[in-house]
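The structure appears right after this line, and notes come after that.
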Amino acid sequence: LEYNSGSIDFIFSKFAFKKMFAGKDKLEFSARTKMLHDELSEVNRKWNLERGRNVSETGARHRTTEEYRRHLSAECTNIEEQIVRHQKALSDLKVEISLAERRVKGLTSMVDNLRKAKAEKESQLSALERTLQSHQGDAAAIVAEKERLEKELASIRTKLADKQDKLRTADQQLETLKMDMDAIGERTEELKGEAYKYSREIHSNVDVLLKDVMLETLVREHSARLAAMGVSGQSQFEGSLLQSLTEQGTDVMYCATLLFLGMVNDATTFAETHGGGGSSSDLKWGRDEDEDNRAWARRCMMMASRMMRPASGKKQKR
């Protein structure tokens with residue numbers, strides 16, 4: 001404190017915000033920021049929030065809109081190529097499954113026929129055995145016939161075992177092919193969903209870019225034509241949104257964004273500190289329950305345009 005002519009003057013030394021809060025250089029700023037992140041990660045631990053890895057470790061870097069668009073386009077192309085390959089694989093699998101089903105069907109018929117033949121031979125052998133035990137007929141002829149049937153039965157049993165083994169293998173192969181087909185079909189549908197998502201994202205980015213260019217072009221043309229107009233012609237645009245965008249496009253858009261997000265106080269403060277007069281309306285401001293995004297955005301733009309107009313008696317900075 002310093003007393004001077006009956007008044008009290010406060011004497012402050014000059015200080016720099018950057019040195020007090022950011023540090024004297026980039027290294028100190030980086031160290032302070034890292035320490036702050038460490039403290040925040042400890043606070044957030046109780047909410048099961050994990051700290052991300054340092055950019056210096058991951059090597060991540062910011063991508064421009066054009067780089068991101070190219071990335072999305074490349075991803076979309078890659079997915080479409082995968083879909084084509086999967087569809088080709090599905091087509092090939094259908095052919096293999098068809099052949100496998102025919103093989104299973106053929107082997108099933110063979111096994112059924114061999115089982116019938118086996119049952120018939122076993123029945124004939126049982127009949128011969130009963131005849132032989134009852135001492136009826138020519139015993140030598142019956143024994144010879146029995147031996148012949150036993151050889152045929154042994155051959156049938158060998159063939160039946162072989163065909164049953166092949167049928168089991170064919171069944172397993174068919175089941176595997178069907179599982180592969182289901183898996184590839186499911187993955188193909190997932191890829192189609194991913195391709196649709198990337199495609200929508202690409203179109204969304206392009207749509208935003210085109211709208212930005214359109215707005216920029218309209219504002220530039222309006223500004224050029226307005227300069228060539230007389231006072232009476234220029235007065236026709238007085239208070240219009242186009243005039244606001246031409247003179248304060250960035251500020252109007254920012255103010256509209258705050259309004260859209262429901263940050264009315266912030267929007268008012270921003271308008272008042274950037275040459276605007278704020279909102280002079282006493283009406284309740286907010287989004288209607290049945291109002292869609294487009295209608296709400298339009299109202300926010302119009303309100304932001306009014307809020308960014310200079311207060312009465314003030315002259316707009318050029």
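Here are the numbers:
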{"item": "Residue that is open to solvent by 70 Å² or more (accessible area, probe 1.4 Å) and more than 57 Å from the chain's Cα centre (by Cα), where the choices are Lys94, Lys105, Lys88, Lys116", "result": "Lys116"}
{"item": "Neighbours by Cβ (under 6 Å, 6+ apart or cross-chain): first from the stretch 75-95, among the acidic types (Asp, Glu); second open to solvent by less than 30 Å² (accessible area, probe 1.4 Å)", "result": "Glu80/Ala195"}
{"item": "Filter result (open to solvent by 50 Å² or more (accessible area, probe 1.4 Å) and in contact (Cβ under 8 Å) with a residue 24 or more places away in the chain) within the stretch 130-162", "result": "Glu150, Glu152, Arg157, Lys159"}
{"item": "Test for Glu75: is it modelled with pLDDT under 75, assigned to a helix (DSSP H, G or I) and not basic (Lys, Arg)", "result": "no"}
{"item": "Segments classed as helices (runs of 4 or more DSSP H), wholly inside the stretch 191-299, with at least 1 members that are at pLDDT 75 or above, under 30 Å from Cys76 (Cβ atoms) and hydroxyl-bearing (Ser, Thr, Tyr)", "result": "241-260"}
{"item": "Qualifying position, being in a helix (DSSP H, G or I), open to solvent by 70 Å² or more (accessible area, probe 1.4 Å) and modelled with pLDDT of 85 or more, among Glu57, Glu81", "result": "Glu81"}
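The values are calculated or read from the model by the stated rules, or taken from the named source; none is laboratory data. Owing to the predicted nature of the structure, the values given are computational and were not obtained by experimental measurement. Neighbour counts are summed over all protein chains in view; Cβ atoms, including those assigned to glycine, are modelled from backbone coordinates with ideal geometry. Please note that ligands, DNA and RNA were not included when accessible areas were found on the heavy atoms of the full protein model with its side chains. Shrake-Rupley method; radii C 1.70, N 1.55, O 1.52, S 1.80 Å.
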